[in-house]
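A.B. asks: Following this message is one structure expressed as structure tokens.
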Amino acid sequence: NTVLAWTPTPRVASVADGDAARAACVIPSNDVATDDPTRLPENAVVPSYPPLPATLAALDLRGNGGLAVFADDSGAAMCLVQLVDGAMQYAGMVQFGADELPTGQGLAVESGMTTGVGSGSAVSMLTGQAASADRVELEVPGLEPITATLSNGRFAAWWPEPASSDVTTLTGQIVIRSYGADGTLLEEISWAGAGDGKVPPATDPARTTAP
């Protein structure tokens, strides 16, 4: 199965959605990848990761896929899930330690990556911090503006990539904007992506702070 259906605006995640996302994403964590192979997509290759961070910080659901972001003092994890026959299944993950996370309260990217999903398809994922924002929007080349899920001071979004995309990098330069409750632009950053899924140095993104 392939994540294809997508919308630029996410739907609101329920408590049940969060529970299902954790159940799907815990599969590759800490040597439990074979505990319940029926929850994995057919022929899935699942590496072993450290245990998931304790808190589900954000869950971006749109179309028939989702991006779950888990975080605690140990670090954070992005876990891609897809809906198959009404059930959430693990589709990919990247984890990063606390020392890789940006500091401060401003708009900042934590991690972004593109990964293959199914045969000939790819999706991109992006998450970051926006503690003072009421809304975060992404400008991605070739797509209409994306409204990110914003929860617990973090934003998260996923989107489909062309079948010909290099599955190691995000496509083009992404512009991320945060807005206040009254619609005022708070900050804008440009981010060109990182092929290994790591966070670029804090000095890398071109940052514009609205006056």
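A.B. asks: So how exposed is Thr9, as accessible area in Å² (1.4 Å probe, rounded to 10)?
C.D. replies: Surface accessible to solvent at Thr9 totals approximately 80 Å².
A.B. asks: Keeping all protein chains in place and using 1.4 angstrom, which order do Val12, Val175 fall into by accessible surface area, from largest down? Can you show the working numbers first?
C.D. replies: Details: Val12 130, Val175 20 Å².
The ranking, largest first, comes out as Val12, Val175.
A.B. asks: I've got another one for you. Could you calculate the contour length gain from Asp85 to Thr184, that is, 0.36 nm times the residue separation minus the distance between their Cα atoms, to one decimal place in nm? Display every interim value, and only then the final one.
C.D. replies: Details: separation 99, 0.36 × 99 = 35.64 nm, distance 4.09 nm.
So the extension gain works out to 31.6 nm.
A.B. asks: Let me ask something additional. Using 0.36 nm per residue, how much length does the chain from Asp73 to Val15 gain when fully extended, once their Cα-Cα distance is taken away? Working shown, then result.
C.D. replies: Details: separation 58, 0.36 × 58 = 20.88 nm, distance 2.27 nm.
Additional length available on full extension: 18.6 nm.
A.B. asks: Another question about this same structure. Between Glu144 and Ala192, what length in nm is gained on full extension when 0.36 nm per residue of separation is reduced by their alpha carbon distance?
C.D. replies: Stretched fully, the Glu144-Ala192 segment lengthens by 15.5 nm.
A.B. asks: Roll a 1.4 Å probe over the protein chains and send me the accessible area per residue for segment 118-160 in Å². Provide the component values of the computation, followed by the final result.
C.D. replies: On the way: 1560 Å² over 43 residues.
In whole numbers, segment 118-160 has 36 Å² accessible per residue.
The values are calculated or read from the model by the stated rules, or taken from the named source; none is laboratory data. Quick caveat, the model's predicted, so the values are computed rather than measured. SASA here: full protein model, heavy atoms, side chains in, ligands and nucleic acids out. Shrake-Rupley method; radii C 1.70, N 1.55, O 1.52, S 1.80 Å.
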